[in-house]
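For reference, the structure discussed in these notes is given below.
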Amino acid sequence: MTPQFHRPLNRMSFFTALLVALLLLFYPEFLSVASSNIWLNGVILGTTIFGIGLCFAEMFRLLPEYKWLHGFITRRRGSPALPPRLLRPVALMLHAKPKQISATTLNNMLDIILLRFEDTRESIRYITNTLIFLGLLGTFWGLILTVGGFADLIGNLDFADESVLLTMQSGLSRPLSGMATAFTSSLMGLAGSLTIGFLGLQVQLAQNAIFNELEDYLSAHTRVSTPSPEDIVQVLPQINLATKQLSKSVQKLAQTVSDTTDEI
């Protein structure tokens with residue numbers, strides 16, 4: 001594999017290993033943060049793990065595609081005849097077409113690959129947006145619990161009672177738990193979205209490496225067609241007719257403007 005394709009996979013592996021090492025190193029702190037609202041933070045953590053697995057799955061799906069492309073370009077023996085999924089339409093066109101292709105065919109092939117790459121990235125983007133939404137949901141949920149807890153606390157206080165401070169101290173648990181929910185869920189949602197966003201960027205870089213290598217190969221085998229003298233002779237009458245129609249339209253417009261000016 002070329003470094004342009006190999007480096008994103010190495011960065012993904014190193015980033016994931018570093019993330020796991022940090023979680024193991026700060027496991028008690030992470031557990032206390034996640035347990036402030038185990039249900040919502042558990043959903044955020046599960047979504048993050050699913051997104052990480054999806055990013056690695058998309059990366060490993062690119063490996064057979066790149067192996068086929070590399071084998072097709074270098075004419076290596078033993079390479080598969082067709083790629084698994086993404087580059088299959090282009091492979092079929094390359095097998096059916098001669099060695100030299102037209103510029104129109106080149107653009108069509110590249111558009112097909114771009115659309116297929118975009119389709120594979122939509123799931124990763126959706127997971128990133130979902131993590132941001134879950135973090136915001138936890139923030140508003142925690143704020144609602146905090147405001148409701150303070151309202152109940154103030155409404156139940158009896159300042160004539162000597163134990164009002166003890167009552168206030170015991171009643172602060174609900175607002176503080178709401179604040180903990182707000183901060184921890186937003187923190188985990190943002191951390192998860194940043195993690196999936198970084199891994200998704202590496203998948204996009206790997207796709208770009210495949211796309212650029214395919215584009216370079218196809219561009220080297222593309223012929224730029226030039227019009228022949230017979231084609232120019234056939235087009236000249238149409239150009240003359242269009243020029244005459246344009247001239248008549250300009251004259252009519254000038255006459256209309258002149259008449260309007262005279263009336264004013």
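Given 0.36 nm per residue, what is the gain on full extension from LEU201 to SER249 after removing their alpha carbon distance, in nm? Show your work: numbers first, answer last.
Numbers: separation 48, 0.36 × 48 = 17.28 nm, distance 5.36 nm.
Roughly 11.9 nm would be gained on extension.
Would you mind ranking TYR126, TYR66 by Cβ crowding within 10 Å, fewest neighbours first? Don't skip to the answer; put the middle values down first.
Working: TYR126 13, TYR66 22.
Arranged by neighbour count, lowest to highest, TYR126, TYR66 become TYR126, TYR66.
Site pair PHE133 and GLU29 shows an inter-label distance of 3.1 nm when each label is modelled 7 Å from Cα along Cα→Cβ.
No lab work stands behind these numbers, since they all come straight from the coordinates. As the structure is a computational prediction, the values presented were derived from the model and not from experiment. When we count neighbours, we look across all protein chains shown, and the Cβ atoms used for this are built from the backbone with ideal geometry, even at glycine.
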